[in-house]
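I have placed the structure first, in the form of structure tokens, so that the comments after it can refer back to it.
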Ligand code: RET
């Protein structure tokens, strides 16, 4: 599989506002969150991932093994519970977050020194690009 290890800095963030609205995140949090340029710190050992989304405002921590469904609590985001499963689609990481929200999940892939992330919730898609530090 692909190698996602490293520190990645955000370069663009399209429709994060729409994604956060679809998650029901409150106005005050959205105003702060959309100004952020988070950093992703990814540690990958085979199929095991530790993904930290770091920002001056709040951090989000995710740990998972590809192919193993787990209970995700989206602490500090919308604070919901999901049954989450990440799988490989060739070198792309595809995540489905089953829960209260329809069509919730994300896709990660790498092109050159760029990391792409597409976040979906309901009818909203947020497209983020990160560059390797
Ligand atoms: C921040 C700031 C506070 C508000 C929101 C945030 C969103 C974080 C997201 C993280 C996604 C992580 C993924 C990890 C994959 O392994 C930046 C913490 C809403 C959307 C997809």
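Every read-out reported here was derived from the displayed coordinates using simple, explicitly stated rules and does not represent laboratory data. Because the structure is predicted, anything quoted here is derived from the model rather than measured. Backbone-built Cβ (ideal geometry, glycine too); neighbour counts: all protein chains shown.
Taking the Cα-to-Cβ direction at residue 70 and at residue 36 and moving 7 Å from each Cα, how far apart do the two end points lie in nm?
In this crude label model, residue 70 to residue 36 measures out at 1.9 nm.
Could you check which residue among 15, 90, 61 shows the biggest mean-square fluctuation in a GNM of the chain with a 10 Å Cα cutoff?
Comparing 15, 90, 61 in the GNM, the peak value goes to 90.
Using only the alpha-carbon atoms, what does the chain span along each of its principal axes? Please give whole angstrom values in decreasing order.
That gives 39, 30, 23 Å along the principal axes, largest extent first.
How far is it, in nm, from the label point at residue 60 to the one at residue 131 when both lie 7 Å from their Cα along the line to the Cβ?
Computed distance between label sites residue 60 and residue 131 equals 2.3 nm.
Relative contact order for the chain: what is it in percent, counting Cα pairs under 8 Å that are at least 6 residues apart?
27 percent
Short version: what are the Cα gyration tensor semi-axes of the stretch 1-78, square root of 5 times each eigenvalue, largest first, in whole Å?
For the stretch 1-78, the semi-axes come out at 24, 16, 11 Å.
Label points 7 Å out from Cα along the Cβ direction at residue 79 and residue 123: separation in nm?
Result for the modelled spin labels: 2.8 nm.
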